[in-house]
Amino acid sequence: MTGISRYERVRTRLLAGWQNRAIGIKAVVFGLIGVVNTLVDYGVFLLARAGFDASSGALAAFDAFAGFCQCGSAATLILIASNTISWIVAVTGSYIMNSSITFAAESGRKLRWGAYLTFVLSGVAGWLANTATLLVAAEILLLPVWFAKLCAIGASFVVNFSLSHFIVFRPRSNPAGNAHRDA
């Protein structure tokens, strides 16, 4: 005899199945929210880039900064600046929607500065993956910028979901043993 009843083995397997399903559902919801944020990210990126490209003052400032820091061309700095602006807008919207929907049980559907800062800090890894992919795709692989940005968004999805699930929105501890009760 194994010491574990058949009932307990079945119960354990069912609970594990539901937990795995819940993670899958969360990934899908996270992805759907990500579609909304992708549209925001992409739109703000294109607007910021067009705005910088259309402004002689911005072009001169980026060119001067590139010359001063010896850190690339004005075009590269415009890509980085546009990507950073669009990321800040998108990460804020993502935090609000994921706190309210995807990770509602874990967050209690409450927006908290500490959780937002953790989300933003964990999102920095996604931003780094996004920016690195954008630069490699646009400047090394010579893909069109619009397509390079789409590739960059895909790379950051994997990083952002993993960090959100395992770090930012992990279940809250509850002395009564009910980790999912709304506070």
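Condition check ((1) under 17 Å from Lys26 (Cα atoms); (2) touching a Leu at 6+ places or on another chain (Cβ under 8 Å); (3) surrounded by fewer than 14 Cβ atoms within 10 Å (Cβ to Cβ); (4) modelled with pLDDT of 90 or more) across all residues:
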position	(1), (2), (3), (4)
Thr102	yes, no, no, no
Glu106	yes, no, no, no
Gly114	no, no, yes, no
Ile140	no, no, yes, yes
Does His165 satisfy the criteria of being in contact with a Phe, Trp or Tyr (Cβ under 9 Å, 6 or more places away or on another chain) and modelled with pLDDT under 80?
yes
Under the condition of being of a type in the set (S, T, N, Q) and in a helix (DSSP H, G or I), which residue from segment 24-61 is farthest from Trp87 (Cα to Cα)?
Ser56
Which residues, taken from segment 104-159, are small (Gly, Ala, Ser) and not in a helix (DSSP H, G or I)?
Gly108
Does segment 62-84 contain at least one residue that is surrounded by 15 or more Cβ atoms within 10 Å (Cβ to Cβ), among the aromatic types (Phe, Trp, Tyr) and not in a helix (DSSP H, G or I)?
no
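The values are calculated or read from the model by the stated rules, or taken from the named source; none is laboratory data. Note that the structure is a prediction, hence the values are computed from the model and not measured. Glycine gets a Cβ as well: all are built from the backbone with ideal geometry, and neighbour counts include every protein chain shown.
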